[in-house]
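Student: Handing you this structure, nothing more for now.
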Amino acid sequence: MSTSEPEHPEREFEEWLRRHAPERPDAARRAEVRRTFLAGESAGRNQPSRAPASTRMGGDMTHGAQGDEPAFEAWLAARAPLDAPAAAARRRARLAFLTEIAATPPPLRERRSFRRLVWALAAAAILAVTFLLPEPERWRAELDGRVVFDGREYLPGEEARLATALERSGLLETSAARGRIELGDAFALELLAEGSLAVPPLPVLDGVEPMEFELTRGEAYLRTGASYPGNPIVVRTDLADVALHGTTVGVLVDAQGTCVCVADGTARVTSARLPAGFQDVGPRLTLRVFHDPGMDPKTEVFPVEDERQEAAHTGDLVAFQRGP
């Protein structure tokens, strides 16, 4: 419930003040009032008093004031306050008043209206999420043959079932044919025959959440499209980590080691086998990192058979770059 003031705040505040005891006056103020009382009594000492003897001062003034406290209290109570309450005291009283009002539970009708408002806002939020916000991208799958994901077999015609299963992490394995998965037009991945790739849970393409794959066998092609928001992409092998930056890249794991082929963009390869610990690989370049520590990493330009056709090793990757 809001702590805003009631509809008629001043009237209710004044009524509240009358019901509550005033603040205890401070010592200086009480001393000033006491001096006023004593001065009045002193002026009337030589005049006949009609008050009972028990209420008249006797002896010296100081002694009379100390010995006749009830007379002072009666005199104080018979007079209106000399001044309006101090501003600070009034503010403190108002704060106490508003706190008390806020602590009072609202009427049943108001509570029901509040609950109805909460449900209405929740329903509006659900409608906004359902109809106004774009639906997040889901995996799509294309199969040329049998694949296994998370220990279960999938055949051509079961792409929808595989796409649903891919929303959780698991190991994707191909046999004689390749398999392809896509996230809208933003990201595509193709695992060639006899490949084994650990796939992360379905990411949110928000430009922040990383996509981390682990290639243990075979070759995988990865490509980002124009609508890709920039989520970091990393492919890990037993020898290197390959970070993609707006690229089309092929990563191969074989008996010799790890080979990174960049058709477009740039990839950063991090490995203990590299002299500086990392190396950036630009477009149409290949970097091979060997298992044998006696063999130095090797960088080559994409081989070209003639001006129209790429060599077989990189030709499929270039076709993947140009394809849908």
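The values are calculated or read from the model by the stated rules, or taken from the named source; none is laboratory data. Keep in mind that this is a model prediction, so the values were computed, not measured. Note that each Cβ is placed from the backbone with ideal geometry, even for glycine, and that neighbours are counted across all protein chains shown.
Student: If we scan segment 207-228, do we find a residue that is among the acidic types (D, E) and either closer than 14 Å to E137 by Cβ or at pLDDT below 95 (or both)? Can you show your working first?
Tutor: The first filter runs over segment 207-228 and keeps only residues among the acidic types (D, E), leaving 209, 212, 214, 219.
Those still in the list that are either closer than 14 Å to E137 by Cβ or at pLDDT below 95 (or both) too: 209.
For segment 207-228, residues among the acidic types (D, E) and either closer than 14 Å to E137 by Cβ or at pLDDT below 95 (or both): present.
Student: May I ask you to list the residues in segment 179-222 that are charged (D, E, K, R) and surrounded by 22 or more Cβ atoms within 10 Å (Cβ to Cβ)? Steps first, answer last, please.
Tutor: Taking segment 179-222 as the starting set, the residues that turn out to be charged (D, E, K, R) are 180, 182, 185, 190, 194, 206, 209, 212, 214, 217, 219.
Scanning segment 179-222 gives E190, E219.
Student: Now, a different point. Does A176 meet the test of being assigned by TED's automatic domain parsing to the domain that holds P200, surrounded by fewer than 13 Cβ atoms within 10 Å (Cβ to Cβ) and part of a helix (DSSP H, G or I)? Break it down into steps so the answer makes sense when it comes.
Tutor: Working: assigned by TED's automatic domain parsing to the domain that holds P200: yes; surrounded by fewer than 13 Cβ atoms within 10 Å (Cβ to Cβ): yes; part of a helix (DSSP H, G or I): no.
No, not satisfied.
Student: Out of T247, T237, which single residue is of a type in the set (S, T, Y), modelled with pLDDT of 95 or more and surrounded by 18 or more Cβ atoms within 10 Å (Cβ to Cβ)?
Tutor: Values: T247 fails: modelled with pLDDT of 95 or more.
When all the criteria are applied, what remains is T237.
Student: State whether the residues of segment 308-323 include one that is assigned to a strand (DSSP E or B) and either aliphatic (A, V, I, L, M) or modelled with pLDDT of 95 or more (or both). Give the steps one after another, and end with the answer.
Tutor: First, pick out the residues of segment 308-323 that are assigned to a strand (DSSP E or B): 310.
Still in the list and also either aliphatic (A, V, I, L, M) or modelled with pLDDT of 95 or more (or both): none.
The answer is no; no qualifying residue exists.
Student: I'd like to know if segment 142-165 contains one or more residues that are in contact with a Gly (Cβ under 9 Å, 6 or more places away or on another chain), modelled with pLDDT of 90 or more, among the aliphatic types (A, V, I, L, M) and in a loop (DSSP other than H, G, I, E, B).
Tutor: Checked against the condition, which is being in contact with a Gly (Cβ under 9 Å, 6 or more places away or on another chain), modelled with pLDDT of 90 or more, among the aliphatic types (A, V, I, L, M) and in a loop (DSSP other than H, G, I, E, B), segment 142-165 yields at least one hit.
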